[in-house]
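First up is the structure itself, then whatever we jot down about it.
Laboratory data are not the source of any read-out in this text; all were calculated from the coordinates shown. Everything numeric in this text was worked out from a predicted model, so none of it was measured. Virtual Cβ from ideal backbone geometry, glycine too; neighbours counted across all protein chains shown.
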Amino acid sequence: MINTLLRPILERIPENNRVERIWKLAQVDFKKRYYNDKLGLFWALLNPLFKIAIYYMVFTFVFQINIEHYAIFLFAGLILWMAWTEASTKGLSLINTKRYLIENIKFNHIDLYISLTISVFIGFAFNLAAYLVFVAAVGIPFTFNLLYMPLILINVFILCIGSAMILTVIQIYFKDIKHLWAIITLAGFWSSGIFRRGELFLEAFPPLRVINPFVGIVMNMRAISFDGIGPDWSLMGINYATGIVVLIVGIISYKKFSHKAIEML
């Protein structure tokens, strides 16, 4: 029998309209994330702002990095990285957290990963809006190159979905992946060009173009919104190729092995 606490949620999720179902799932996830917090949605904005303030003070006053509008420089990279790590990490426990849906509604389970990423991007939208406000506030002019931003966001979106699905499958056979993933994301965080310009990392280690797509993603985000120039199309092509490969591997591996995770519920 469906738990009475879950019945209102299940009743709100349509079984036939796939798009509406995905959107409802995303809404529920987003609301649950901040429902019990007194500041509610403000945490979606306060969290990156506090991190930016700390990193800004450390790298400006301790390491004495001299980049104009460095706080905005940090902001551009940090919000993209936080969106991906949140979505990918939640993929580790998605099957368990959505067990009540899997057991009671027949639908394509890939929808869970799409809705998860959408819910993360709803919070990301607050951060992105704040970033653009700060860019304008410090006098950095907007250019038509800003219109390329959807291409960058789509790239991050498909990376989020693919990464989350791959991590779900890996966890079936390797329960300690959450600890290893924390180390991997830490390494990626410091090698993504969030604190320094990505060109420095690519010059030092060119394979990073493929290994860590966020170097190119962050560089292009800054190019169109911070520097007012067009994106590096070669980097964007590599980033999209990486994202599409991750997504395809995620879908294929999930369809082939996810039944084992569901059997273990």
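List the trypsin sites (Lys or Arg not before Pro) within the range 174-242 that fall in a DSSP loop (any state other than H, G, I, E or B) and whose Cβ has at most 12 other Cβ atoms within 10 Å.
Details: sites: K175, K178, R196, R197, R209, R222; in loops: K175, R196, R197.
Those satisfying the criteria are K175.
The count of lysine pairs in the chain whose Cα atoms are under 21 Å apart, excluding pairs fewer than 8 places apart on the same chain, comes to 29.
Please list, by residue number, everything in the range 79-95 whose backbone N is under 20 Å from a paramagnetic label point 7 Å out along Cα→Cβ of I67. Under cut-off, by backbone N: 79-85. Per residue, the Cα convex hull of the range 123-265 amounts to 125 Å³.
Could I get the Rg over Rh figure for the chain? Both from C-alpha atoms, Rh via Kirkwood, rounded to two places. Each step should come with its number before you reach the end.
Details: Rg = 19.4 Å, Rh = 19.7 Å.
For the chain, the value is 0.99.
Peptides 122-131, 72-81, 50-59 ordered by packing proxy, namely the average of other Cβ atoms within 10 Å per residue, highest first: 72-81, 122-131, 50-59. Highest mean packing comes first when the peptides 162-173, 101-112, 236-247 are listed by Cβ atoms within 10 Å, giving 162-173, 236-247, 101-112.
Assuming R0 = 45 Å, what is the FRET efficiency of L180 and T143, from their Cβ-Cβ distance, to the nearest 0.05? Intermediate results must be reported in sequence, preceding the final value.
Details: r = 41 Å, r/R0 = 0.92.
That gives a FRET efficiency of 0.60.
Scaling against 2.2 N^0.38 Å puts the C-alpha radius of gyration of the range 84-126 at 1.20. For the range 48-123, the share of alpha carbon pairs falling in successive 5 Å distance bins from zero is 3, 13, 19, 15, 11, 9, 9, 8, 6, 4, 2, 0 percent.
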